[in-house]
Each structure stands twice: as C-alpha cells, then as structure tokens.
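Participant: Quick one: the structure is below, and I'll ask about it shortly.
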Amino acid sequence: MTMRRVIVLAAALLAATPAIAGDDWVPPVKDPMVRKECGACHMAFQPAFLPARSWDRMMNELADHFGEDATLSADKARAIRNYLTANAGDVVAAGRASKYMRAVAPGGTPQRITLNPDFERKHRKIPDRVWKDPRVVTRSNCPACHRGAEQGWYDDD
Amino acid sequence: MNRVLFLAAILAAAPAAVMAADARRDAIIADYAVQAGKAAPGFAGFSARRGEALFRTRWAGGDERTPSCTACHTENPRAPGRNAKTGRPIDPVAVSVNPARFTDRDEVEKQFRRDCKSVLGRACTPLEKGDYLTFMREQ
C-alpha cells in the first residue's frame, strides 16, 4: 500500500467514526420511523445507552411506559424493537456505549438511562438550579443542554 | 416563460396543499360526528365553545403533572408548548399557525388515546374529540 493510500484510508476511517475524536458520542438514530415515534414525547434516545434486553423489556411494557400509554401498532412496534435491539449498547459497543455497558449488571434490564453510574458521574458537577430550570424539566431532556444530542453528540460540557 | 410557469405552479401548489390538509381534517371531524351521533341520538353538532372548555378545564383524574391540556400546550393554543413530563418542545395546536395539525387520522387517535388518559384519566368521547378539533380549527 502506498503512503498516499494509507493517508486516504485513515482520513476515511476518521470521518466514518467520530468516536475516535472523543468518546462523548454514540451512533445517532438513523431510522426515520424510530426517530418519529420514539421522539414524539421525548428525544429519541440512542439505543447504545441500554443493552438489547433492556429494549426488549421496554417494548414489552409500552402500555405503561413510565406511566404513559405509549402503545403502537404491532408492525411499528416490531420494526422499532428490531432497530433498538440491533443497535443496542451490548451489540454495537461504539463510543460512549461501552462505558455505559460496563456499569450494567449482568442480566440486568435497566430502563432509565439517567440512572446509569456513568451518567451520574458525568453529571455530578451540574448544580441543582440547572436541573430545576423550567426548560429542563427532567434529567432525560438531553437536548436542553446538549445541543447535538439528537445527532449523538454529548461533548459540549 | 418557463420560470413564470414554474413560479405560478409553486404559488398554486401552496394553497392546494393547505386545502388538502383542511379536507383531511374535515373528514376526521365528520367521522367523529358519525360516532357522536351513534352514541347520543340527540347529537346536534360540535361546539368550539365546549372544545375550549375541555381545553381549559382542570381535571382531577389524570397525571398530577398534566391536570389540563394547558399544562403542555399553554393557555394560548397558538403558542408553542412544552411537554410537562419530558421538557420536549411542542408545536402549536392551533390550526391557524400549524396547518398540518389534525390531518392524519391515526396520529390524531394516538394522541387522544395518550393525552386523554394522561389529562382526564380516561378515554375521551367522540363528542369531546370533535369539540376539541372544532375549537382548534377556529384558533
């Protein structure tokens, strides 16, 4: 391989995997239907933040989704389940996902991304007044502070 | 000349799209009217006034974070809102500022199913749904 070809390849790799630039990144949700349905009431969280078994449980319990009836038609629910489990943190292990997965108990099916110890650690310096800001409302409102959250970027602290 | 035609086509298409949206919304309301008529033989049409009352009433049966529609949609249907549970911004519900509202039957039904349970603590009746849409159509 010529030197020039090596450089081109390296540049292509860097462009394809932004995770190399920093690990406050996860692969964004690319499926338009998943973006729409999972993003109707809250941001469509990236599946890499939870293991596949968590997403399976979540899709089984949509009738009581954090107190909300989030049920969907069977065909949409099936497609969403497939996407979430295929791109789950324990499947893709890209970017921040591996750090999140390290904190998940073996066999555990956590549902709240915001209770992951890695989330807690990264947000421990956030003062209370920020969490209580009326534009924030809840810890799961990532884009309130992380402007690139929908695209998978959380590197703006 | 081609440019003139192109411009004319764009100008013609914009109101046409709004009209198609209006027709879809009207069809949804007409559907609720049929259901409301079946539920109550004395049904005499929807009322924007009743729809507004529904929108502003503070209910007691639902989630305490969403006692009324206004908890997320604000007192002004023409203003953008914010989901009271998640902080997610919500586009205005008033048709005048958001012509795409209430134009997809499945979306409308899905939203009523979720929000009525959350705000009223029960499903909405066809009469309530039709009143609500009639109010928002005039807003």
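Participant: With an 8 Å cut-off on Cα pairs and a minimum separation of 6 or more residues, tell me the relative contact order of chain A in percent. It would help to have the intermediate numbers written out before the result.
Facilitator: Details: 181 pairs, mean separation 43.1, N = 157.
Reported relative contact order: 27 percent.
Participant: Report, in whole Å, the centroid distance computed from the Cα atoms of region A:129-157 and region B:63-139.
Facilitator: 25
Participant: Estimate for me the total accessible surface buried between chains B and A (protein heavy atoms, probe 1.4 Å, no ligands or nucleic acids), in Å² to the nearest 100.
Facilitator: On the way: alone 8550 and 9860 Å², together 17000 Å².
Roughly 1400 Å².
Participant: Pairs A:Lys99/A:Lys122; B:Lys85/B:Lys117; A:Lys132/B:Lys117; A:Lys30/B:Lys85; A:Lys76/B:Lys85; A:Lys36/B:Lys110: which are spaced more than 20 Å apart, C-alpha to C-alpha?
Facilitator: With Cα atoms farther than 20 Å apart: A:Lys132/B:Lys117; A:Lys30/B:Lys85; A:Lys76/B:Lys85.
Participant: By average Cβ neighbour count within 10 Å, what is the ranking of B:78-88, B:37-47, B:57-67 from highest down?
Facilitator: Details: B:78-88: 18.5, B:37-47: 11.8, B:57-67: 14.0.
My ranking of the peptides, most packed first, is B:78-88, B:57-67, B:37-47.
Participant: Under the classification rounded if a/c is under 1.5, otherwise prolate if a/b is larger than b/c and oblate if not, where does region B:42-83 fall, given a ≥ b ≥ c as square roots of the Cα gyration tensor eigenvalues?
Facilitator: Oblate, since a/c reaches 1.5 and b/c is not below a/b.
Participant: Using a 1.4 Å probe on protein heavy atoms, which residues of region B:105-137 have at least 30 Å² less accessible area in the complex than alone?
Facilitator: Listed by number, the residues meeting the 30 Å² cut-off are B:Glu107, B:Lys110, B:Arg113, B:Arg114, B:Lys117.
Participant: Still on this structure, I have one more. Count charges around B:Ala40 for me, please; just the other residues with Cβ under 15 Å from its Cβ, Lys/Arg as +1, Asp/Glu as -1.
Facilitator: Working: positive: B:Lys38, B:Arg50, B:Lys129; negative: B:Glu128, B:Asp131.
After counting each charged neighbour, the total is +1.
Participant: Based on the Cα gyration tensor of chain A, what are the three equivalent ellipsoid semi-axes, each the root of five times an eigenvalue, rounded to whole Å and given largest first? Walk me through the numbers on the way to the answer.
Facilitator: Values: eigenvalues 156, 89, 47 Å².
Semi-axis lengths for chain A are 28, 21, 15 Å.
Participant: Which value, in nm² and rounded to one decimal, describes the direction-averaged projected area of the C-alpha convex hull of region B:56-111?
Facilitator: Spelled out: convex hull of the Cα atoms, projected over all directions, averaged, 4.1 nm².
Participant: Turning to a different aspect of this structure: Show that you can apply the helix-only estimate: for the protein assembly as shown, add -39,500 (n - 2.57) for every DSSP H stretch of four or more residues, divide by all residues, and state [θ] at 222 nm to the nearest 500.
Facilitator: For the protein assembly as shown, the value works out to -14500 deg cm²/dmol.
Participant: Turning to a different aspect of this structure: If you scale each eigenvalue of the Cα gyration tensor by 5 and take the root, what three semi-axes come out for region B:2-137, rounded to whole angstrom and sorted largest first?
Facilitator: 30, 20, 11
Participant: In square angstrom, what is the accessible area per residue of region A:31-151 with a 1.4 angstrom probe?
Facilitator: For region A:31-151, the per-residue accessible area is 54 Å².
Participant: For a quick size check, give me the Cα extents of the protein assembly as shown along its three principal axes, largest first, whole Å.
Facilitator: Principal-axis extents of the Cα atoms in the protein assembly as shown, largest first: 78, 63, 39 Å.
Participant: Next question. Return the long-range amide H neighbours of B:Ile90 (sequence gap of 5 or more, or a different chain), with a cut-off of under 5 Å between placed amide H atoms.
Facilitator: B:Gly81, B:Arg82, B:Asn83
Participant: Need one value for A:58-71: mean number of C-beta atoms belonging to other chains within 10 Å of its residues' C-beta atoms. Walk me through the numbers before you get to the answer.
Facilitator: Working: counts 0, 0, 0, 0, 0, 0, 0, 1, 2, 5, 7, 7, 3, 3.
Mean number of neighbouring Cβ atoms from other chains: 2.
Participant: Give me the accessible area of A:Glu120, 1.4 Å probe, in Å² rounded to the nearest 10.
Facilitator: Per-residue accessible area (A:Glu120): approximately 80 Å².
Participant: Also: At 1.4 Å probe size, with every protein chain present, just tell me what the per residue accessible area of region B:2-137 comes to in Å². Provide the component values of the computation, followed by the final result.
Facilitator: Working: 7500 Å² over 136 residues.
Roughly 55 Å² per residue, with all protein chains present.
The values are calculated or read from the model by the stated rules, or taken from the named source; none is laboratory data. Predicted, not measured: the structure shown is a model, and the values here were computed from it. Every residue, glycine as well, gets a Cβ built from its backbone with ideal geometry; the counts of neighbours run over all protein chains shown. For the accessible areas, the whole protein counts, side chains as well, though only heavy atoms, and no ligand, DNA or RNA atoms are used. Shrake-Rupley method; radii C 1.70, N 1.55, O 1.52, S 1.80 Å.
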